[in-house]
Amino acid sequence: MRVRPVAKVLMVLTLMGCVAGVSWAWGSGYRVYSVRSSSMEPAYRYGDAVVVKPVGDALRAGDVINFHNPIDQQMITRRVVSIEGDRVSTKADGNDLADNWTITSRLVVGRVVARAPFVGYAMVFLKQSVGLGGLVALVLAGLLLYQIAFPEKKEDTTLTIPTSVPLYVARPEPRGVEYAITQDEHGRRHVLAVSRQNGEQSKPRQRV
């Protein structure tokens, strides 16, 4: 099997696997958010992306959660410092004091389970109109480079006839000698001179 068909199969399988994985994660409640402040450094830096899953079980002190700020409803990332009933107190890792608010569990979107460095920059960029256009241009450039790196090879349709039947006959003069190009069973071609007067065929003059 040639490299090009194998590469196509691998690309399709990889794409199908990615789509299936993302669909399963989204259906299970996983979400991805970008970190837009440096308040949680060094654990979570500005420009990172965090993967959040539904809480599922009870929160514990020390968990990192994403929730809607009760003041302006913006999505933020904080660490849980204490829980009293349905009230949750949070704190940024870069601050000495806890936040000046408490939240309820209904504001909590989920617990942070993974971090992707610098991916947040790409997420913010793609939300802009120029970002989407840049992504389309990048995909088209990738397809073009793939075509250049793996050009499609056309099948050879040349038919070899392993016989001595003349393939071409030249008649330079009305009553002169005819020249015929023949091909033997080994695929070798020969130039023969055939006399029109007596119909006798001469021996091969040269090979081509």
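The table below gives the values:
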| quantity | calculated |
| --- | --- |
| Qualifying residues in the range 70-105 (those that are among the polar types (S, T, N, Q) and assigned to a loop (DSSP other than H, G, I, E, B)) - the one nearest to Gly47 (Cα to Cα) | Gln74 |
| Test set (1) touching a helix residue (DSSP H, G or I) at 6+ places or on another chain (Cβ under 8 Å); (2) not in a strand (DSSP E or B) - Trp24 fails condition number | (1) |
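One line per residue, one yes/no per condition, for (1) surrounded by 14 or more Cβ atoms within 10 Å (Cβ to Cβ); (2) within 23 Å of Phe125 (Cα to Cα):
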position	(1), (2)
Met11	no, no
Cys18	no, yes
Ser39	yes, yes
Gly47	yes, yes
Val50	yes, yes
Pro54	no, no
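Quick note: the coordinates plus some simple rules give every number you see, no bench work behind them. Treat the numbers as computed from the prediction; the structure is a model and nothing was measured. Note that we place each Cβ from the backbone using ideal geometry, even for glycine, and neighbour counts take in every protein chain shown.
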